[in-house]
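Asker: If you scroll down you'll find the structure; I have some questions about it.
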Ligand SMILES: [Zn+2]
């Protein structure tokens with residue numbers, strides 16, 4: 001999957017299962033992390049779709065980060081706008097390798113064997129169809145919800161500022 005399609009797919013899917021705008025932003029920027037750690041600048045330091053793409057390792061990490069006796073469920077939770085759940089730290093990388101499993105090359109499982117369900121082709125129409133399809137569905141389903149949350153988040157901040165300064169934005 002192209003970098004942009006990875007970003008779109010991971011972000012739209014997280015929006016569909018409910019996410020704060022901050023979590024969506026984080027996911028958008030970090031959903032290519034398994035590809036990015038394979039090289040420093042232009043120099044390749046790890047084999048492509050090797051350890052950085054191990055679905056066993058990423059799933060184990062995701063499992064550990066959802067374990068709320070080990071980690072608090074939220075990194076912070078200030079308002080519907082500014083909340084961040086701990087497992088979302090791992091989500092972009094995990095989702096990236098999950099998607100890569102749908103390509104011919106597949107991804108390793110703890111280095112033992114490769115997982116591959118080849119139904120997508122790099123940069124081809126089927127891939128764009130999946131990525132943009134999920135985005136359209138997410139916009140339809142979550143778009144209004146997200147706008148409502150942005151407004152309610154802005155309202156909380158506004159009321160807080162008004163509480164501190166009763167003349168805030170009164171003309
Ligand atoms: Zn990849």
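Asker: Compute the Cα gyration tensor for region 62-171, then decide on rounded, prolate or oblate, letting a ≥ b ≥ c be the square roots of its eigenvalues: rounded whenever a/c is under 1.5, prolate when a/b is larger than b/c in the other cases, and oblate in all that remain.
Answerer: It is oblate, given that a/c is not under 1.5 and a/b is not larger than b/c.
Asker: Once you place label points 7 Å from the Cα toward the Cβ at residue 158 and residue 104, how far apart are they in nm?
Answerer: 5.5 nm
Asker: What full-extension length gain, to one decimal in nm, is calculated for residue 117 and residue 69 as 0.36 nm per residue of separation minus the Cα-Cα distance?
Answerer: Contour length minus Cα-Cα distance gives 13.8 nm.
Asker: Which whole-number percentage describes the relative contact order of the chain, with Cα contacts under 8 Å and a sequence gap of 6 or more?
Answerer: 27 percent
Asker: Can you give me the angle between helix 91-100 and the longest principal axis of the chain, using Cα atoms only, in degrees from 0 to 90, rounded to the nearest 10?
Answerer: 30 degrees
Asker: Something else: Compute the acute angle (0 to 90°) between the alpha-carbon long axis of helix 3-16 and the principal axis of greatest extent of the alpha-carbon atoms of the chain; round to the nearest 10°.
Answerer: Between the helix axis and the principal axis of the chain, the angle is about 50 degrees.
Asker: Rounded, prolate or oblate: which one fits region 3-142, using the alpha carbon gyration tensor with axes a ≥ b ≥ c (rounded when a/c is under 1.5, else prolate when a/b beats b/c, else oblate)?
Answerer: Oblate is the answer for region 3-142, as a/c is 1.5 or above yet b/c matches or exceeds a/b.
Asker: Right, here's the next one. In degrees from 0 to 90, rounded to the nearest 10, what is the angle of the helix 55-65 Cα long axis to the longest principal axis of the chain?
Answerer: Value to nearest ten degrees: 30.
Asker: Rounded to the nearest 500, what is the chain's calculated 222 nm mean residue ellipticity when only DSSP H runs of at least 4 contribute -39500 (n - 2.57) each, over all residues?
Answerer: -17000 deg cm²/dmol
All of the numbers you see were taken from the coordinates with simple rules; none came from a lab. As the structure is a computational prediction, the values presented were derived from the model and not from experiment. Backbone-built Cβ (ideal geometry, glycine too); neighbour counts: all protein chains shown.
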